[in-house]
Amino acid sequence: MTDGRRVPAEIGTVIVGGGIVGMCLAWFLAEEGHDVAVVDDGRHAGTIANAGGLHVQLQSRFMRLYPEMVPAFEETLPFYPRAVRHWQALAGRLGEDIELAVTGGLMVAESREQYEFLEKKCRRERQLGLEVEMLDRAALDRVAPYFAPSIVGAELCITEGKVNPLLANQAIRRRALAAGVVHCTETRVGSLARVANGFAIETSRGSIRAGRIVIAAGAGSGALAAEFGLIVPTRAEPLHMNITEATEPLIHHMVQHADRQITMKQLSAGMVVIGGGWPATLAGADEHPTVELDSLIGSLSLAQHVIPRIGALRLIRTWAGVNTSVDGRPVVGPVRGLPGLFFAIPGDAGYTLGPLTARLVADTMLGRTPEAPIGGYTADRFN
Ligand SMILES: Cc1cc2nc3c(=O)[nH]c(=O)nc-3n(C[C@H](O)[C@H](O)[C@H](O)COP(=O)(O)OP(=O)(O)OC[C@H]3O[C@@H](n4cnc5c(N)ncnc54)[C@H](O)[C@@H]3O)c2cc1C
């Protein structure tokens, strides 16, 4: 077992990026006998900042922000229930509590027009194979009797859920290290180049030669792809998060809004995690994700507007992190003309997709047929 900042001079596979995708992938390869190093600069990871929502239904926020991407969201929809099943299997394999709960997700409507938007979305998602149904206010009250009077109903997706990322990340890292993964922390990859029989990787702690390389660097992936003259249009999206003090069990579902930016879920210990894509800022020379006061006030006001009992809770922490967006689809698998190079970037709701993305890329690298075809999701589509 190796854990530290020294980089190996030579190794079979280097994975750049130690977020949920990179660490799961490293574990999956190492347990099959491959020697793997994960090189991560420990900055800006969505994995350490995210809300732990396991998303399945189409998110109205993304549909509103990126209407041109709706066909891509629909095309990748089948990945999401599959991804939740992967989380369930992973939780079983980890053998420690990561507070995974598939208790369903509610997307609430506050007007007749929003309810009709959800009804239309619900019909479409059913056609695409999701387990979703509409709940009018009376039906909603039977499963979640805590919403403000303004809420008229909700779409329920029973395969949605939540996980505690703080527990999950540590448990996965422990399993990866136990399988022999070399985890080079606080180590930045500067340049990448093709050399005879593999790749030369220049890092802030020295050079590595590797037979294969995987770019799983979230929003940093585009700059690394450019080292090979490839275009992968990753965008860094800094986002805001809050968590309240603990309270009695109240919110069993993951909660979202049909038309406004809010997600809420309650951890087993009682704290309510409030997110939903409110913007943060990249500040200073190192572009540190930094909280914006408007987002703090806006997200908390909206949370108590939707669930009034949240208004009595004290905020205990607020933070910002960087989400990665590309074109609504994952970027996974090999690259034409560059044998040994692979990408592993999940699509939207990338924490949900993390273990599945890693499995699909691992199986490709292990010479197996991935359980879902990934041919349409390689970086070749941009190049
Ligand atoms: C506030 C917030 C809330 C979110 N909530 C949810 C949610 O509820 N549910 C959900 O499904 N998703 C959520 N997401 C999205 C999710 O967190 C990300 O999509 C997911 O974590 C991406 O994982 P990843 O492994 O691909 O990348 P990341 O976790 O971003 O990891 C990439 C790693 O690569 C490293 N790196 C980059 N460039 C280099 C380099 N040159 N050298 C070395 N290392 C490098 C970075 O430092 C980072 O550690 C949220 C995101 C944010 C920011």
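Looking for something surrounded by 15 or more Cβ atoms within 10 Å (Cβ to Cβ), in a loop (DSSP other than H, G, I, E, B) and either in the same structural domain as Val21 (by TED's automatic domain parsing) or within 11 Å of the ligand (Cβ to nearest atom) (or both) - is there at least one such residue anywhere in the range 207-219? Yes - at least one qualifying residue is present in the range 207-219. Taken as a whole, the structure leaves Ile243 outside the set of residues that are in the same structural domain as Gly17 (by TED's automatic domain parsing) and touching a residue at least 60 places away in the same chain (Cβ under 8 Å). Of the residues making up the range 51-60, at least one is of a type in the set (A, V, I, L, M) and touching a Pro at 6+ places or on another chain (Cβ under 9 Å). For the range 190-224, residues that are within 22 Å of the chain's Cα centre (by Cα) and either at pLDDT below 95 or more than 15 Å from Ile11 (Cα to Cα) (or both) total 10. Within the set of pairs 6+ apart or on separate chains, which have a first residue in the range 314-326 that is touching a residue at least 12 places away in the same chain (Cβ under 8 Å) and more than 22 Å from Leu65 (Cα to Cα), a second that is more than 11 Å from the ligand (Cβ to nearest atom) and not in a strand (DSSP E or B), and C-beta atoms under 7 Å apart? Final answer for the pair search is Leu315/Leu300; Thr318/Leu296. Please state which one of Glu245, Glu186 is of a type in the set (Asp, Glu) and away from the ligand (no atom under 11 Å from the Cβ). On inspection, the qualifying residue turns out to be Glu245. Taking Thr263 as the residue in question, decide whether it is more than 12 Å from the ligand (Cβ to nearest atom) and surrounded by 19 or more Cβ atoms within 10 Å (Cβ to Cβ). Here the answer is no, as Thr263 does not meet what is asked. The strands (runs of 3 or more DSSP E) found entirely in the range 270-340 that carry 3 or more residues being under 30 Å from Phe199 (Cα atoms) are 315-325, 331-334. Residues of the range 308-347 that are modelled with pLDDT under 95 and touching a strand residue (DSSP E or B) at 6+ places or on another chain (Cβ under 7 Å): Ser325, Val326.
Can you spot a residue in the range 159-169 that is surrounded by fewer than 22 Cβ atoms within 10 Å (Cβ to Cβ) and in a loop (DSSP other than H, G, I, E, B)? Yes - at least one qualifying residue is present in the range 159-169.
Taken as a whole, the structure leaves Arg6 outside the set of residues that are of a type in the set (Lys, Arg) and under 30 Å from Glu133 (Cβ atoms).
Within the range 330-358, residues that are more than 11 Å from the ligand (Cβ to nearest atom) sit with their Cβ atoms under 6 Å from residues that are part of a loop (DSSP other than H, G, I, E, B) and aliphatic (A, V, I, L, M), at 6+ positions apart or across chains, in these pairs: Gly333/Ile374; Leu341/Val335. Does the range 291-313 hold any residues that are of a type in the set (Val, Ile, Thr) and either in contact (Cβ under 8 Å) with a residue 60 or more places away in the chain or touching an Asp or Glu at 6+ places or on another chain (Cβ under 9 Å) (or both), and which are they? Scanning the range 291-313 gives Val306, Ile307, Ile310. Taking the criterion of being of a type in the set (Gly, Ala, Ser), surrounded by fewer than 19 Cβ atoms within 10 Å (Cβ to Cβ) and touching a residue at least 60 places away in the same chain (Cβ under 8 Å), the residues of the range 176-202 that qualify are Ala178, Ala179, Gly180.
The values are calculated or read from the model by the stated rules, or taken from the named source; none is laboratory data. Note that this is a predicted model, so its numbers are computed, not measured. Please note: Cβ atoms are built from the backbone with ideal geometry, for glycine as well, and neighbour counts cover all protein chains shown.
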